[in-house]
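Below is one structure; the comments refer to it alone.
The values are calculated or read from the model by the stated rules, or taken from the named source; none is laboratory data. Owing to the predicted nature of the structure, the values given are computational and were not obtained by experimental measurement. Positions of Cβ are generated from backbone atoms using ideal geometry, with glycine treated the same way; all protein chains shown enter the neighbour counts.
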Amino acid sequence: MNELSNTYQPTEIEDKWYNYWLENKFFEAHVPKENEPKKESYTVVIPPPNVTGVLHMGHMLNNTIQDILVRRARMQGFEALWIPGTDHASIATEAKVVRLLREQGIKKSDLTREEFLNHAYQWKDKYGGIILEQLKKLGASCDWTRTGFTMDQNYYKAVIRVFVDMYKKGYIYRSNRMVNWDCEAQTTISNEEIIYKEEGEKAFLYHTKYELEEGGTIIIATQRPETIMGDAAIAVNPTDERFKHLIGKNAVVPFIGRKIPIIGDEYVEIDFGTGMLKVTPAHDPNDYEIGQRHNLTIIDTINDDGTLNENCEMPEMVGKDRFLVRKLITKKLEEAGLLVEKEEVISRIGRSERTGSVVEPKLSLQWFIKMKDISETALEVVEKDEIVLHPAKFKNTYRHWMENVRDWCISRQLWWGHQIPAYFYGEGDDDFVVAETKEEALQLIKEKTGKEVTANDIRQDDDVLDTWASSWLWPIAVFDGFNDECFDKETGKIDLSKNKELDFFYPTQVLVTAPEILFFWVARMIIAGYEYTGKRPFKDVYLTGIVRDEQGRKMSKSLGNSPDPLDLIKKYGADGVRVGMLFSSPAGNDLPFDEKLCVQGSKFSNKIWNALRLLLSLEKTNDAIPEGNQVAIDWFEAKLNQSLSEIENNYKEYRISDALLGIYKLIWDEFCSNYLEMIKPVYGLPIDKGTYDKTIEFFETLMKILHPFMPFITEEIWHITKEREEKEAIVVAEYPKVKEFDTAILSKTEQIFEINSQIKKVRNAKSIPPKEKLDLFVKTSDASFYDEYISLIQKLAGVNKITFTDKKPNPAMSFVVKGDEFSVPIQINVEEERKNLEKEINRAKGFLVGVDKKLSNERFVNNAKPEIIEKERQKKADAEAKIKALEEALINLV
């Protein structure tokens, strides 16, 4: 006992047990050999964090949930595998490397691609694994021997192989289309990499005069006057009575003098701005669509770096940044008398997540995947719940996106990433082939042109693939699923039987990720899974919420509202933080994080620790188990299995926070507050060995149930309660199974707890100390009900003598439990007691009115489950009995 500290000290034990788990290879998983017991697999793949990343609160939540599921599966006897890894993060990593080189006086443009990639790999080797090391502090039970990286040699080959296959199947094409353009990184970016928000700087609609060819003027409202030089038309709604007479006529572009048509298009909102829209197909996605419908000229006036080019036809603007040009054009419009009004508006600005640059809609020659056809199966399987989203509310969101899916731009103008395997041999639009290697490309060029070319005559596309176009293969490629042996180039399919690991561990069980990448990653993994294996990549998708502060803001370093997760772990222990993260985070709902939750988690650790200290402090005897202790044991056995049944159901429905809350209440309320009080001997006296051994058994069972949530303290306690073999760890102990239990004893014991609670209220009301013994008089129709509980009531409530009688002592304070009346002889203030009784009667009558109202509601009675109706009827009977007893007590009050 002296070896245990007074409080739980997490920092002293966390490294010890994590190293122990690693040394004994408890996290490692393999395909069972023929001479080994048959096991089912349970596989989870980590959503690979960016190599640029460090641990934040979102990672904490996401990885805690994954670890809980994997640890539980491991204890249930599955061959549990949690695969870690990182994503190369093209834009983010390249930006960091470019910044680092700039600090060293080196420009990217001064380097060859190979030289730049050497610098990038050096950066990755130095900083790329930080977040994985941090996850170990959290207790993540990943199989670290399998750590993957999306630029590993085999993974790289898989990504290139899939590009070639998709191109052969006709899914990939190259075209000049509208994209999101990051002018600082000078690359396309996905919708997911754009952050939209209202900014402090004022935004305006510039009401501008355009002359009509036939004389007169019209007024156009635009937020982007810098694009006026790229105007190709003026659009009005064909139903707008004000302007439909202008359709077919021409307007003149200010300063340029170019005549442009006035067209009718239903996209134009009649009540927005002036009701007339300038159409600039090269610089707005909606304008581009209008341009396609009306066959308009496309005039691209903005360079890749955000400066204006010669197409703007204004030499003084060429080479100037788009936002400077906005100011200059506005000034010219004012001087020319063409700016009628500057109307202040609220505008949401889209910025690149990686560079912070305002995103420019831009026409660009890029590679795309046709998404419509290959998305059909991915939509169908979610609709039919072959893949289940948790919570189910996201199914509607998923359906909307998949039914309106657009082609996916997969090329990026970067060097860090998977270089697109397209090889060009001429200047024509079609002068290229797609091949896995340069050697294969040379052969394809010969077949296509009939000419012999050398490696020096061709060049590979400089662009790399969008990061998502590699990570969508993650559940397959981490098992080398596209290797030469199991991937058939002719059919474009994987033969699972030729890859033992993929065949055993795939499909995976559950994916835990954030809702914001449901489409950009989850949907695409589903597409790839069915396309290449014919199987789903996972059965369930658990969508976590966003971690927010008390004001509801998303936690971020830029706002300064996010604590450092590692600091929290140092302060409260990994177990305390894990519990704190989950106390308020049901699936799909945001987590209003408060550090007090971690305090609560830490207190929970200490509550458990103190229970251990109490048990180890008890002396044992060989006496028989007392009747009261046996009742306590029978009750907790039933309570344990009832709670475990509810916990298992919560796991099944992926209500992980509810499962934790059930365990928390079972340990804190039922075991520590109730059970231990029921069996604890009088201070200084010993406990019988039978009760002690059963209590330790209960405690160890509770530690097993708790282990997935709080791995460190449970492992520590597991090795304290009993001497264990070297590898006899709780991390691989058998997870408890639900056993049949006696519901009757639960109901009876709850009644005893209520009696105890009411007696405590009497003590509190009259300031009677717990050490002072009380007498208890009971009026009941069945005194035998209490036979086995008398000693428990006496012990828990500090009762000296229990008398069963129809005569109530006077004076006394009374209460009713389940129709039986209990009285504690005590001096009372008659007037005060009368007021209290009248108040209780009114409260009980009010409660009865509510129950009667519910039971008289036909809709409720016809639709509610029988057990629910029976419960309401029991409430009615209890309330009526309570009112009767209280009214009798009021009559007898003198």
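Some notes on this structure:
- Of the residues in segment 731-739, at least one is assigned to a helix (DSSP H, G or I) and in contact (Cβ under 8 Å) with a residue 40 or more places away in the chain.
- Candidates are the residues of segment 215-272 that are in a strand (DSSP E or B) and of a type outside the set (A, V, I, L, M); the one that is surrounded by the most Cβ atoms within 10 Å (Cβ to Cβ) is 222.
- Matching entry among 840, 870 (being modelled with pLDDT under 90, surrounded by fewer than 16 Cβ atoms within 10 Å (Cβ to Cβ), part of a helix (DSSP H, G or I) and not aromatic (Phe, Trp, Tyr)): 870
- Residue match in segment 91-99 (condition: among the hydroxyl-bearing types (Ser, Thr, Tyr), in a helix (DSSP H, G or I), at pLDDT below 95 and surrounded by 18 or more Cβ atoms within 10 Å (Cβ to Cβ)): yes
- The single residue among 704, 727 that is within 36 Å of the chain's Cα centre (by Cα), modelled with pLDDT of 95 or more and among the charged types (D, E, K, R) turns out to be 704.
- Residue selected from segment 702-730 under the condition touching a residue at least 12 places away in the same chain (Cβ under 8 Å) and surrounded by fewer than 17 Cβ atoms within 10 Å (Cβ to Cβ), by the criterion nearest to residue 69 (Cα to Cα): 727
- Unmet criterion (only one of (1) in contact (Cβ under 8 Å) with a residue 24 or more places away in the chain; (2) touching a Leu at 6+ places or on another chain (Cβ under 7 Å)) for residue 119: (1)
- The sole residue among 183, 142 that is over 29 Å from the mean Cα position of the chain (by Cα), hydrophobic (A, V, I, L, M, F, W, C) and buried (at least 19 other Cβ atoms within 10 Å of the Cβ) is 183.
- Residue that is surrounded by the most Cβ atoms within 10 Å (Cβ to Cβ), among those in segment 569-615 that are in a helix (DSSP H, G or I) and of a type in the set (Ser, Thr, Tyr): 572
Residues are listed down the side, and each one gets a yes or a no for (1) closer than 30 Å to residue 371 by Cβ; (2) of a type in the set (D, E, K, R); (3) in contact with a Cys (Cβ under 9 Å, 6 or more places away or on another chain):
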| residue | (1), (2), (3) |
| --- | --- |
| 455 | no, no, no |
| 471 | yes, no, no |
| 478 | yes, no, no |
| 493 | yes, yes, no |
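- Annotation: of all residues in segment 288-317 being under 22 Å from residue 406 (Cβ atoms) and free of Cβ contacts under 8 Å to residues at least 24 places away in the same chain, the one that is surrounded by the fewest Cβ atoms within 10 Å (Cβ to Cβ) is 295.
- One residue from 808, 748 being within 25 Å of residue 642 (Cα to Cα) and touching a helix residue (DSSP H, G or I) at 6+ places or on another chain (Cβ under 8 Å): 748
- Hits in segment 733-742 (condition: surrounded by fewer than 17 Cβ atoms within 10 Å (Cβ to Cβ) and over 10 Å from residue 641 (Cβ atoms)): 734
- Test: residue in segment 798-816 that is among the polar types (S, T, N, Q) and assigned to a loop (DSSP other than H, G, I, E, B): yes
- Qualifying residue in segment 643-666 (condition: crowded, with 16+ Cβ neighbours inside 10 Å, in a loop (DSSP other than H, G, I, E, B), under 32 Å from the mean Cα position of the chain (by Cα) and in contact (Cβ under 8 Å) with a residue 12 or more places away in the chain): yes
- Residues located in segment 93-127, provided they are touching an Asp or Glu at 6+ places or on another chain (Cβ under 8 Å) and either of a type in the set (Lys, Arg) or at positive phi (or both): 113
- Candidate set: segment 799-823, residues that are acidic (Asp, Glu) and buried (at least 17 other Cβ atoms within 10 Å of the Cβ); chosen: the one farthest from residue 760 (Cα to Cα): 820
- Any hit, segment 202-212, residues being of a type in the set (S, T, N, Q), at pLDDT 95 or above, farther than 30 Å from residue 533 by Cα and in a strand (DSSP E or B): yes
- Among residues of segment 1-28 that are under 20 Å from residue 726 (Cα atoms), those with a beta-carbon under 6 Å from a residue that is hydroxyl-bearing (Ser, Thr, Tyr) at least six positions away or on a different chain give the pairs 27/141; 28/145.
- Count - residues of segment 32-46 that are in a loop (DSSP other than H, G, I, E, B) and surrounded by fewer than 21 Cβ atoms within 10 Å (Cβ to Cβ): 9
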